[in-house]
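Visitor: Structure below; questions to follow.
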Amino acid sequence: SSCLAADIDMSAGANARKRPRSGNEEEGEVARTRTSARGQQREQNDAAAAGPLPRRRSARLARREREAHDAAKAKEAAAAAVEAVFGNPLLRREVLFYKLDLERKTRTDADIRKAVKEWLEDPVA
């Protein structure tokens, strides 16, 4: 049988072997490289027919897991910070002082509604 120069693997030197023409290479034979688009598509189809690829995690699932992990770490850090601040009596007193001061100065819905009713009754006052 005659062979074409493209069918011989020249990298093997004097012991050049013929490459198979079909896409079914056996062990021990040199794999054929397809460079055309049709050949590349055929390789992809052959690979897909060989069996299912292992499943990848979706980017959304990975992001959800990462966000859940980050939220858990943030909760732990916040709990440690609260414990550190409220463990010190002077810091605890200062935090509670400013918290109560804000609550005293913050208006509630009931307070605002009462003020509006009074203003509607006597807008000049």
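Visitor: Check Gly28 against each of (1) modelled with pLDDT under 90; (2) open to solvent by 100 Å² or more (accessible area, probe 1.4 Å) and name the one condition it does not meet.
Guide: (2)
Visitor: Would you mind stating whether Glu94 is under 36 Å from the mean Cα position of the chain (by Cα) and among the acidic types (Asp, Glu)?
Guide: So Glu94 fails the test.
Visitor: Just to be sure, is Val82 in a loop (DSSP other than H, G, I, E, B), open to solvent by 70 Å² or more (accessible area, probe 1.4 Å), β-branched (Val, Ile, Thr) and without any contact (Cβ under 8 Å) to a residue 24 or more places away in the chain?
Guide: Considered against the rule, which asks whether it is in a loop (DSSP other than H, G, I, E, B), open to solvent by 70 Å² or more (accessible area, probe 1.4 Å), β-branched (Val, Ile, Thr) and without any contact (Cβ under 8 Å) to a residue 24 or more places away in the chain, Val82 comes out as no.
Visitor: Based on what the data block shows, is Ala59 of a type in the set (A, V, I, L, M), surrounded by 10 or more Cβ atoms within 10 Å (Cβ to Cβ) and on the phi < 0 side of the Ramachandran plot?
Guide: In short, no.
The values are calculated or read from the model by the stated rules, or taken from the named source; none is laboratory data. Because the structure is a prediction, the values reported are computed rather than measured. Because the Cβ atoms are built from the backbone with ideal geometry, glycine has one as well, and the counts that use them run over all protein chains shown. For accessibility, only protein heavy atoms count, side chains too; no ligands or nucleic acids. Shrake-Rupley method; radii C 1.70, N 1.55, O 1.52, S 1.80 Å.
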